[in-house]
Amino acid sequence: MTDESRVRLFNEWAACYDDAVTDAADFPFMGYARVLHTMLDRADVQPGMTALDIGTGTGNVAARLMAAGAVTTGVDFSAEMLAKAREKVPGVTFVQADLLGGWPDALHRRFDRITAAYVIHEFDAPTKAAFLARLAADHLTPGGRIVVGDIAFPSVAIREQAYARWREAWDESEYYWAADVDGDRLRAAGLCVAYEQISACAGVFVIEAARSDG
Ligand SMILES: C[S@@+](CC[C@H](N)C(=O)[O-])C[C@H]1O[C@@H](n2cnc3c(N)ncnc32)[C@H](O)[C@@H]1O
């Protein structure tokens with residue numbers, strides 16, 4: 001169920017979002033450009049592939065997917081973010097929907113690549129795992145890949161140190177990743193997971209459906 005106050009927050013943020021993230025020097029967006037660069041590298045998009053960018057915001061990842069040759073769709077629940085995205089990247093199809101609400105008809109299909117930058121930390125740990133497992137099962141083509149770039153730490157212990165360091169900027173209503181326990185949770189949900197730390201507060205996960213040996 002959509003939390004209307006979250007939608008409002010992102011709507012209000014849309015006008016200055018790109019200024020806040022571009023070249024950010026501190027938590028939580030430190031390393032933003034490198035995270036997006038790594039995501040695109042790990043996505044390894046080939047021309048003609050299909051891609052879905054979830055929580056697309058102003059379309060920064062969607063623009064890169066399209067430039068790499070993917071037929072790209074972006075989804076977000078914020079009308080204002082999508083207005084910016086449509087202005088910036090007219091070649092991408094944008095759909096307004098809540099990722100945790102009813103899945104929109106336009107997205108009832110499979111994609112070669114699914115990307116998610118700085119959005120899945122909105123979901124608590126069990127929701128993250130269930131959501132990503134469902135995406136992999138229902139919306140990835142065989143051999144497809146999900147690439148997540150987000151506020152993340154290698155372990156719970158390092159996340160605790162980061163909390164002490166950045167307590168004032170830490171949003172207590174968000175769920176920043178700890179790659180050790182969250183990775184295990186994703187594996188328990190049947191996914192193959194690789195993680196790399198990109199900055200002191202962000203990392204990239206590459207997630208694939210586990211192959212059956214049978
Ligand atoms: C921090 S911004 C990231 C935007 C973009 N991916 C980027 O990296 O620049 C998070 C985005 O996720 C969207 N979002 C958050 N929760 C969502 C949900 N439940 N359903 C759809 N969009 C959501 C917000 O509206 C916002 O545009």
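Only the coordinates and a few stated rules stand behind these numbers; no lab work does. As the structure is a computational prediction, the values presented were derived from the model and not from experiment. Cβ: placed from backbone, ideal geometry, glycine included. Neighbour counts: every protein chain shown.
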Take the Cβ-Cβ distance between ASP124 and ALA79 as r, set R0 to 25 Å, and report the resulting FRET efficiency rounded to the nearest 0.05. 0.50
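Relative contact order (percent) for the chain, with alpha-carbon contacts under 8 angstrom and 6 or more residues of separation? Provide the component values of the computation, followed by the final result.
Details: 414 pairs, mean separation 44.6, N = 214.
Value for the chain: 21 percent.
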Which far-off residues, 5 or more places away or on another chain, put their amide H under 5 Å from the one on ALA202, with H placed in the peptide plane? ALA152
Using a/c under 1.5 as the rounded threshold, could you call the chain rounded, prolate or oblate? The axes a ≥ b ≥ c are square roots of the C-alpha gyration tensor eigenvalues, and prolate needs a/b larger than b/c, oblate otherwise. rounded
Mind checking the full-extension length gain between VAL95 and ALA67? Use 0.36 nm per residue of separation minus the Cα-Cα distance, one decimal, nm. 8.2 nm
Can you tell me which of 102-108, 119-125, 91-97 comes out highest on packing, and rank the rest after it, using the mean Cβ neighbours within 10 Å? 119-125, 91-97, 102-108
Express in nm, to one decimal, how much length is gained between ARG211 and ALA25 on full extension, taking 0.36 nm for each residue of separation and deducting their alpha carbon distance. 63.0 nm
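Considering only DSSP beta bridges with both partners in the stretch 90-214, what is the antiparallel share in %, to the nearest 5?
Given both bridge residues lie in the stretch 90-214, the antiparallel proportion sits at roughly 65 percent.
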Mean Cβ count within 10 Å, highest first, over the residues of peptides 14-25, 128-139, 57-68: 57-68, 128-139, 14-25
Taking square-rooted eigenvalues a ≥ b ≥ c of the alpha carbon gyration tensor, is the stretch 87-214 rounded, prolate or oblate, where a/c under 1.5 means rounded and, failing that, a/b exceeding b/c means prolate? oblate
Amide H neighbours of LEU140 at under 5 Å, excluding residues fewer than 5 places away on the same chain, with H built from the backbone geometry, are PHE111
Which value, in debye to the nearest 20, describes the size of the charge dipole of the stretch 85-168 about its Cα centre when Lys and Arg Cβ atoms bear +1, Asp and Glu Cβ atoms bear -1, and nothing else is charged? 240 debye
Run through the DSSP bridge list for the chain and note the antiparallel percent, rounded to the nearest 5. 40 percent
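Nothing charged except the Cβ atoms of Lys and Arg (+1) and of Asp and Glu (-1): what's the magnitude of the dipole of the stretch 67-214 about its Cα centre? Round to the nearest 20 debye.
440 debye
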